[in-house]
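The values are calculated or read from the model by the stated rules, or taken from the named source; none is laboratory data. Computed from a predicted structure; not experimentally measured. Don't worry about glycine lacking a Cβ; one is built from the backbone with ideal geometry, like all the others, and counts go over all protein chains shown.
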Amino acid sequence: MSGALARLPGLLAAHVQLSVAALLLALAIGLPLAVMAARRPALARIVLGFASLVQTIPALALLALFYPLLLALSAMVGGGIPALGFLPALLALTLYALLPILRNAVTGLSGIDPAVLEAADGMGMTAGQRLRLVEAPLALPVAMAGIRTAAVWTIGAATLATTVGQPCLGDLIFAGLQTQDWPLVLTGCAAAALLAMLADGLLGSTEWGLRTRRLWPVWGSLAVLACGLGLSLVPLMRSQGPVVTIGAKNFSEQFILARVIGQRLEKAGYRVQYREGLGSAVIFKALSAGDIDIYLDYAGTLWTNEMRRTDVPPRAQMLTEIGGWMKGEGRAQLLGPLGFENSYAFTMRASEQRRLGIRTLEDLAARSPFLRLGTDIEFLERPEWAMTRSAYPMRFAEARPFQPTMMYNALASGRVDVITAFSSDGRIASDGLATLTDTKGAIPAYDALLLVGNARMKDPRLISAITPLIGKIAVNIMREANYRVDRPDAKESPEEAALWLNAQIK
């Protein structure tokens, strides 16, 4: 719990900044549109239809869609547009907040008695005076209900901004779910819920003050909101010194290695920030675009996903070609392999493996129509799966994706019969799992590779701080570090496991 509380202030501040910015932008767009739409039924149908359409898109998908769009736009204008982090999260959350603001404001304005409007016109009011003195006060209760709904939605949906590299309370939730660190999950959920309740209460107090023409609730609520926003900006004002952004995917090994790198850079005098929970399709592009500076990837992932290669050459040749490709493309550079491999490995419970007589992937293919496959979220869409099916005609009765930790739990509980485990995972041995042999070499090598952005390669102090990692992490050491985080009892945090791992590196 102490680790969760230590991370809470910074992530809460980032969450407040993002939520307030998205809500203010949605208000700036939504309220003027609502006024125009209330006077023009055709426009109302268009804007409400668009806002409703946005709501049909899952928030996670909407966030993910903005990354490639901003990346393409940045390439068109010659760079300078941040495609990862705050901007894509801001745009997605703004769109998500528009519907309740638009719908309630339009409903409130359209529901005013025409006789009241005629009386205002008869008194000689201008359109602006009528809106300010008559329409806005009468529509306020309905419109404010929409704003309160939008605020609660925005604060809740902002937890998903982790997936596009924006620090928020979702960092605690996603990391906790992956490592089964339930204090992390509960801390993130509780903080987001309390923040949403506080925002709803303050906006409700503001609405009551405006409706009853009592100014003290309005000014009091605005003062609390201003103080909260000001406090959230304190970490930004304190930020000094060079900052290095370290990327990480969404499983324990990546969390640990990101902090192994970060701890070494902090000792060298750098300030470090982490962008965690990124998918394979996003993280390499983020490095190429300069949105992150360093991250750890795997040879097979780069070979198949980025280079689009389907052949499986020897390990040394693959590493040489990956390094040459990266340098030739000018996107980033390969600093070197860390010394261990984390390959996909089809794995079963050892008792089931013996009972069914399955020792190789050929044996598995023959039995696959009667078995259920569990994978991580990406595998079924990756080239490696197509390559495996091409070499071995697998036709599973069911194939289901899981978060990596949940995948192991599904195998242990009997919900699936086979999983695509990770070869450096300590749970393979501790859970009594058996790995099946890839006799045809369909799955490429997955050496862990340290990648550095072009700009950071020009910093000799940074390179000298992380170069001692090259070739120094054996697979048994990495398995132990992973198991320290993933084991069900006496669980360590990624930070603690990283400290232990750094101590093992000579």
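Structure notes:
- Within the range 392-408, the set of residues being aliphatic (A, V, I, L, M) and within 21 Å of the chain's Cα centre (by Cα) comprises 406, 407.
- Verdict on residue 428 being more than 18 Å from residue 258 (Cα to Cα), in contact with a helix residue (DSSP H, G or I) (Cβ under 9 Å, 6 or more places away or on another chain) and in a loop (DSSP other than H, G, I, E, B): no
- Screening residue 393 on (1) surrounded by 15 or more Cβ atoms within 10 Å (Cβ to Cβ); (2) closer than 21 Å to residue 356 by Cβ shows it passes everything except condition (1).
- Filtered residue count, the range 176-201, keeping only those that are assigned to a helix (DSSP H, G or I) and at pLDDT below 85: 7
- Residue that is nearest to residue 449 (Cα to Cα) [pool: residues in the range 259-282 that are at pLDDT below 85 and part of a helix (DSSP H, G or I)]: 280
- Note on the range 492-506: residues that are assigned to a loop (DSSP other than H, G, I, E, B) and of a type in the set (D, E, K, R) amount to 2.
Every residue, every condition in (1) crowded, with 17+ Cβ neighbours inside 10 Å; (2) modelled with pLDDT of 90 or more; (3) not small (Gly, Ala, Ser), yes or no:
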{"position": "444", "(1), (2), (3)": "yes, no, yes"}
{"position": "455", "(1), (2), (3)": "no, no, no"}
{"position": "462", "(1), (2), (3)": "yes, yes, yes"}
{"position": "492", "(1), (2), (3)": "yes, no, yes"}
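- Residue 181 being buried (at least 16 other Cβ atoms within 10 Å of the Cβ) and in contact with a strand residue (DSSP E or B) (Cβ under 9 Å, 6 or more places away or on another chain): no
- Complete set of residues in the range 52-61 that are surrounded by fewer than 21 Cβ atoms within 10 Å (Cβ to Cβ), part of a helix (DSSP H, G or I) and hydrophobic (A, V, I, L, M, F, W, C): 53, 54, 60, 61
- For the range 13-58, the set of residues classified as among the polar types (S, T, N, Q) and more than 31 Å from the chain's Cα centre (by Cα) is empty.
- Residue selected from the range 1-42 under the condition within 17 Å of residue 85 (Cβ to Cβ) and touching a Pro at 6+ places or on another chain (Cβ under 7 Å), by the criterion surrounded by the most Cβ atoms within 10 Å (Cβ to Cβ): 14
- Any hit, the range 478-490, residues being surrounded by fewer than 17 Cβ atoms within 10 Å (Cβ to Cβ) and either among the polar types (S, T, N, Q) or touching a Phe, Trp or Tyr at 6+ places or on another chain (Cβ under 6 Å) (or both): no
Every residue, every condition in (1) in the same structural domain as residue 58 (by TED's automatic domain parsing); (2) farther than 24 Å from residue 141 by Cβ; (3) aliphatic (A, V, I, L, M), yes or no:
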| position | (1), (2), (3) |
| --- | --- |
| 158 | yes, yes, yes |
| 169 | yes, yes, yes |
| 174 | yes, yes, no |
| 187 | yes, yes, no |
| 190 | yes, yes, yes |
| 198 | yes, no, yes |
| 203 | yes, no, yes |
| 207 | yes, no, no |
| 212 | yes, no, no |
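- Among the residues making up the range 122-137, those that are outside any helix (DSSP H, G or I) and not hydrophobic (A, V, I, L, M, F, W, C) are 124, 126.
- Candidate set from the range 431-442 (those that are of a type in the set (Val, Ile, Thr) and in a strand (DSSP E or B)); member that is surrounded by the fewest Cβ atoms within 10 Å (Cβ to Cβ): 437
- Given (1) surrounded by fewer than 15 Cβ atoms within 10 Å (Cβ to Cβ); (2) in contact (Cβ under 8 Å) with a residue 40 or more places away in the chain, number of the condition residue 73 does not satisfy: (2)
- Where a residue in the range 80-96 is in the same structural domain as residue 169 (by TED's automatic domain parsing) and within 27 Å of residue 33 (Cα to Cα) and its partner, wherever it lies, is at pLDDT 90 or above and of a type outside the set (A, V, I, L, M), with Cβ under 6 Å and at least six apart: 93/154
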